[in-house]
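Read through the structure below, which is laid out as structure tokens, and then see the notes.
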Amino acid sequence: MNLLTILMSVITCSQLTMREGLSQNSVFSIAQDNDRNMWFATYDGINRYDGYNFTLYRTEKDPNFAHEAGADQRIYADSKGGLWAYDGGLSKYDSKQDKFIPLHDKVSGVVTAFQELPQGIMLVVLDGEIIQLDINTGSRLDVEPFYRGGEALTIHSDHGILAVGTTTGDILIYNTDNFALISSKTIYEQSQIKDIVVSANDQVWVSFRPSSLIRYN
């Protein structure tokens, strides 16, 4: 019996639902903070799970939120311990106040992705554009946008590469040091890219809607 078979034989599965304290069963995004708490973005607020109990956080809502296409709730944990949420508005968690503080005075619109960069920048895909925020304050940086397509949907960065996937099937690859465009390619014209990941081998994995998975070198 090999190790994988042994591990699979002892894996258990536990379902967490509203019965266990989750505020809503539809979970759209998951993150883990530096204290190993799990965070879940649901239809009914942001949930923190400490391994025993759920704590519910509700953030300030945008009245147009429910009508925006692609406006699924999001939660993202950065390496500095910060938690960013989109739940009808862009917010950042304040541990001293134990609440999410709205950043509506800085930015507004539908957020579809977050991505931290090593230089202390938080990239936010907002209404198809990519904006840059200070990771400590949440303030918008006064810099020229490196992406001007207006169709961005998802992003991922690793190994010095930033990959951008769009609603029209385009993959754009940037250098994270200077945001220089390395390559741009349309894989499936007018097909929406749902997720994108830069792997350790400098490959980009892309999932499309309605149903397709590709590996891009």
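The values are calculated or read from the model by the stated rules, or taken from the named source; none is laboratory data. All values derive from a computational prediction rather than experimental measurement. Heads up, the Cβs are rebuilt from the backbone with ideal geometry, glycines too, and the neighbour counts pull from every protein chain shown. When the accessible area is computed, the model is the full protein with side chains, heavy atoms only, and any ligands, DNA or RNA have been set aside. Shrake-Rupley method; radii C 1.70, N 1.55, O 1.52, S 1.80 Å.
State all residues of region 114-151 that are over 19 Å from V198 (Cβ atoms), open to solvent by 30 Å² or more (accessible area, probe 1.4 Å) and not polar (S, T, N, Q); if no residue qualifies, say none.
Matches in region 114-151: D127, E129, D134, R140, L141, D142, V143, E144, P145, R148, E151.
Among the residues of region 5-23, are any loosely packed, with under 15 Cβ neighbours inside 10 Å, under 14 Å from the mean Cα position of the chain (by Cα) and either modelled with pLDDT of 90 or more or on the phi > 0 side of the Ramachandran plot (or both)?
no
Can you say whether D98 is charged (D, E, K, R), farther than 16 Å from G165 by Cα and open to solvent by 10 Å² or more (accessible area, probe 1.4 Å), as far as the supplied structure shows?
So D98 passes the test.
If a residue must be at pLDDT below 90, more than 17 Å from the chain's Cα centre (by Cα) and aliphatic (A, V, I, L, M), how many such residues does region 26-69 contain?
Summing the residues that are at pLDDT below 90, more than 17 Å from the chain's Cα centre (by Cα) and aliphatic (A, V, I, L, M) in region 26-69 gives 1.
Does region 94-116 hold any residues that are part of a strand (DSSP E or B) and either aliphatic (A, V, I, L, M) or at pLDDT 95 or above (or both), and which are they?
Residues satisfying the conditions are I101, V111, A113, F114, Q115, E116.
So which residues in region 127-139 are modelled with pLDDT of 90 or more and under 25 Å from D170 (Cβ atoms)?
G128, E129, I130, I131, Q132, L133, listed by residue number.
Within region 117-217, considering only strands (runs of 3 or more DSSP E) that don't extend past its boundaries, which have at least 3 residues that are under 19 Å from the mean Cα position of the chain (by Cα)?
121-126, 129-134, 152-158, 161-166, 170-175, 192-198, 204-209
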